[in-house]
Amino acid sequence: MESFMQYNPTKLWFGEGQIKQLQQEVDTHGKRVLLVYGGGSIKQNGVYDAVMKQLRECEATVIEMPGVEPNPRLTTVKKGIALCREMSIDLILAVGGGSVIDCAKAISVGVFYDGDVWDIITRKATPERALPLGTVLTLAATGSEMNNISVITNWEKNEKRGWSSPFAYPAFSILDPAYTVSVPRDQTVYGIVDMMSHVLEQYFHRTEHAPMMDRFMESVLLTVMEAGVKLVDDLQNIKHRATIMYAGTTAFNGMLSCGTDGGDWASHQIEHGLSAVYDIPHGGGLAIVFPNWMAHCAEEDPSRMKKLAMTVFGIEERGRSDYEIAMEGIQALRQFWDSLGAPNRLGYYGIDDQRIEELVHKSFMKPSIGQYKVMTRDSVRDILIRSLA
Ligand code: NZQ
Ligand code: ZN
């Protein structure tokens, strides 16, 4: 294991009915609340009413900011910053999925930055303060509810950028699995793919001896697969919703990479390139790219793919080469995602080879991507071409 420092200040309230804790959080953080949400799902499924009831009871002043897009946009972040300044907001409350939370994170740091908030998102400027942020999660996927990461798209530049800051951890997050029951099947599947991809990104590390982390990760993957397959055929099932919800948080709150080199993350960069150009759902893009990244890397070093194949997919050696076992594991992962109904090729979103060079370029929003295998432009091009078919 490598040396590490573990820090996660987000207070998690998990379980049915935990929305009642919102009142004490508002009492702690301040009564002028900016309520940030998306395209209206929270008004249809009752979450808006439940949140507003708590806010009314603790006599909060609520300023609403609806309309955060999936793949949230810089222009929306800027609207939120202006509102916070104009209305002297004390607490930002994000009610929604990863997009709403990510947008709220960028607003919370942008309020105290005099320049263009894009500087923070592109890591040219470092935030020094943030407004407190609370979240009420309605979609299990990103882990944004308990991490310090946010991903924002600048449509003028067709750039989707991830940034992080110690100031971007939510102060508290309320996770009621009942709030995710209305998530439609496709978004449920994208969420499952995304959280599995977060574990897989971290699983593809090169730290020599991290057996506890490896087994934690294998356990999260096995649990998500077991619950996920049942959930997609029984979307109202709270028991499975709860398992998936906490798995999504655990998959990306820093715990799984303690003592490792942090993993690879190139597939995420490639997916962000795809979303920046084609505005596709993050989980859908990952379902297509990730197995092709694995197949690309297995040609050089199949060791971790082999381990995954044997421990998670139950594949036996039977005298075969590491590469053959690795490829059988990759096939098993594809089949699992296919069985849920996830897309498996770029054509699903109408993407062909016309803009491949642009996609390669958009994947390199950082000077270097990939750690299990450092990507060259040729490697990314190869992965994208494999993803077409
Ligand atoms: O906008 P509303 O009306 O809320 O509808 C949303 C949206 O259309 C809907 N939805 C959410 N909760 C619902 C619901 N529909 C019915 N019932 C509910 N309870 O689902 C749609 C997708 O929502 P979105 O927030 O976009 O999904 P997700 O949570 O997957 O977030 C995706 C974004 O997060 C970024 C992605 O790149 C993408 O921009 N990521 C953020 C990360 C992080 N902060 O750590 C890491 C990830 O790897 C990822 O990159
Ligand atoms: Zn992701």
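Structure notes:
- A simple count of charges around residue 323, restricted to other residues whose Cβ falls under 11 Å of its Cβ and scoring Lys, Arg +1 and Asp, Glu -1, yields -4.
- Over segment 1-59 - Rg/Rh using Cα atoms and the Kirkwood inverse-distance radius: 1.12
- Considering only the chain, percent of DSSP beta bridges that pair antiparallel, nearest 5: 20
- A straight line joining the Cα centroids of segment 242-262 and segment 349-389 runs 26 Å.
- Quotient of C-alpha Rg and 2.2 N^0.38 Å, computed over segment 185-388: 0.98
- Stokes-Einstein translational diffusion, segment 78-163 - Kirkwood Rh over all Cα pairs, 1.567 mPa s, 4 °C, in µm²/s: 99
- Cα lying deepest toward the dipole's positive end in the chain, options 389, 243, 168, charges on Cβ: 168
- Cα Rg, Dmax, the chain, angstrom units: 20.4, 69
- Comparing Cα centroids, segment 269-294 and segment 78-132 end up 26 angstrom apart.
- Over segment 11-180: Kirkwood hydrodynamic radius from C-alpha pairwise inverse distances, Å: 15.5
- Over every Cα atom in segment 145-274, the radius of gyration and the widest Cα-Cα span, Dmax, amount to 15.6, 45 Å.
- Burial order of peptide ranges 240-246, 123-129, 369-375 (average beta-carbon count within 10 Å, highest first): 240-246, 369-375, 123-129
- Pairwise label distance in nanometres, residue 59 with residue 239, each label 7 Å out on the Cα-Cβ vector: 4.5
- Space enclosed by the convex hull of the alpha-carbon atoms of segment 65-108, per residue, Å³: 59
- Axis of helix 377-388 versus longest Cα principal axis of the chain: the two differ by about 90°, to the nearest ten degrees.
- Based on the Stokes-Einstein relation at 25 °C and a viscosity of 0.890 mPa s, and on the Kirkwood radius from alpha carbon pairs, segment 200-298 is assigned a translational diffusion coefficient of 165 µm²/s.
Rule-based calculations on the coordinates, nothing more; no lab input. This is a predicted model, so every value here is computed, not measured. Note: ideal-geometry Cβ built from the backbone for every residue, glycine included; neighbour counts use all protein chains shown.
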